[in-house]
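**Q** Let me begin by handing over the structure; questions about it come next.
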Amino acid sequence: MMVSFMPCCARRDSALRWLAGLLLGFWLAVASAAQASDKSTISQAAIRATPQGYVLDGEANIVLNSTLEDALNRGINLYFLLELDVTRPRSWWFDEDIVDSVRKMRIYYHLLLRRYVVEAGYATRTAATLGEALAMPGQVDAWQVLERGALKSGQRYDARLRLRLDTSQLPKPLSIGAVGGDRWELATPWYVWSFEAPALSPPTASP
């Protein structure tokens, strides 16, 4: 009778390959999760009606890489653009452009006060930590984007929103160095959604 057997070294090699594959899969999963958490994103956005027209509420998670964070702490101003596009779909022609709005924001570190300064719209606020400073422009409340009559109640519209670093506002040597490199780049993916235009509330009567 012939007896077959697997040498112990072959079994050991098979176990090592299985373990190596398991560790590789775990490392790729961790790396993918870390990369995803290291990106700025728009988490939510919505357009709602007010007596004056339509406003946008949204939330962005702004994540700075080490280059941008170091530049900010050295006193370099970082300018951000919040860009909104609204269109009306048309089956028989190109989509109708309704609005293309941009909101400008600035963050800088005041070396004397040792506080971060955030300018968004007409508001200026300060923060003690970078996390607090980045949360301020990331929270968008009641940004006026459309006047009364710009949308038709019940009509479907498409919208998209993103936030990006305005590299053209960097000091000239840095602006030139930003071309072709990702150290000085920051842009969220477009946040895309569709909505039906809500009915406007009656305008507030003047006293």
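**Q** So, in nm, how far is label ASP100 from label LYS152 when the simple model puts each one 7 Å beyond its Cα toward the Cβ?
**A** 2.3 nm
**Q** Debye sum, Cα scatterers, the stretch 63-139, no solvent: what log₁₀ I/I(0) at q = 0.14, 0.18, 0.25 1/Å?
**A** -0.54, -0.72, -1.16
**Q** Could you pull out every one of the aspartates and glutamates with an alpha carbon less than 12 Å from that of LYS152, ignoring same-chain neighbours closer than 8 positions?
**A** Straight-line reach from LYS152, under 12 Å: GLU196.
**Q** I'd like the accessible area for TRP190, computed on protein heavy atoms only with a 1.4 Å probe and all protein chains in place. Round to 10 Å², please.
**A** Roll a 1.4 Å probe over it and TRP190 shows about 80 Å².
**Q** How much accessible area per residue does the stretch 48-207 have, in Å², with a 1.4 Å probe?
**A** 58 Å²
**Q** Calculate the tail of P(r) for the stretch 102-173: the fraction of all Cα-Cα distances greater than 13 Å, expressed in %. Mind dumping the intermediate values first?
**A** Numbers: 1887 of 2556 pairs.
Summing the P(r) tail past 13 Å for the stretch 102-173 gives 74 percent.
**Q** Moving to a separate point now. Mind checking which aspartates and glutamates have their Cα closer than 12 Å to the Cα of LYS39? Skip sequence neighbours fewer than 8 apart in that chain.
**A** Straight-distance partners of LYS39: GLU185.
**Q** For the stretch 60-99, take N as its residue count and report Rg(C-alpha) divided by 2.2 N^0.38 Å. Provide the component values of the computation, followed by the final result.
**A** Working: Rg = 18.2 Å, N = 40, 2.2 N^0.38 = 8.9 Å.
Relative to the 2.2 N^0.38 Å estimate, the stretch 60-99 comes out at 2.04.
**Q** Right, something else. Using only Cα atoms, figure out Rg for the stretch 113-155 and give it as a multiple of 2.2 N^0.38 Å.
**A** Rg over 2.2 N^0.38 Å, computed on Cα atoms: 1.70.
**Q** Ok, one more. Tell me the label-point distance for the pair GLU132, ARG164, using the 7 Å Cα-to-Cβ offset, in nm and rounded to one decimal.
**A** Placing both labels 7 Å along Cα→Cβ, they lie 3.2 nm apart.
The values are calculated or read from the model by the stated rules, or taken from the named source; none is laboratory data. As the structure is a computational prediction, the values presented were derived from the model and not from experiment. So basically every Cβ, Gly included, is an ideal-geometry build from the backbone, and we count neighbours across all protein chains shown. Ligands, DNA and RNA are stripped out before the accessible areas are found, and what is left, the full protein with its side chains, is counted by its heavy atoms. Shrake-Rupley method; radii C 1.70, N 1.55, O 1.52, S 1.80 Å.
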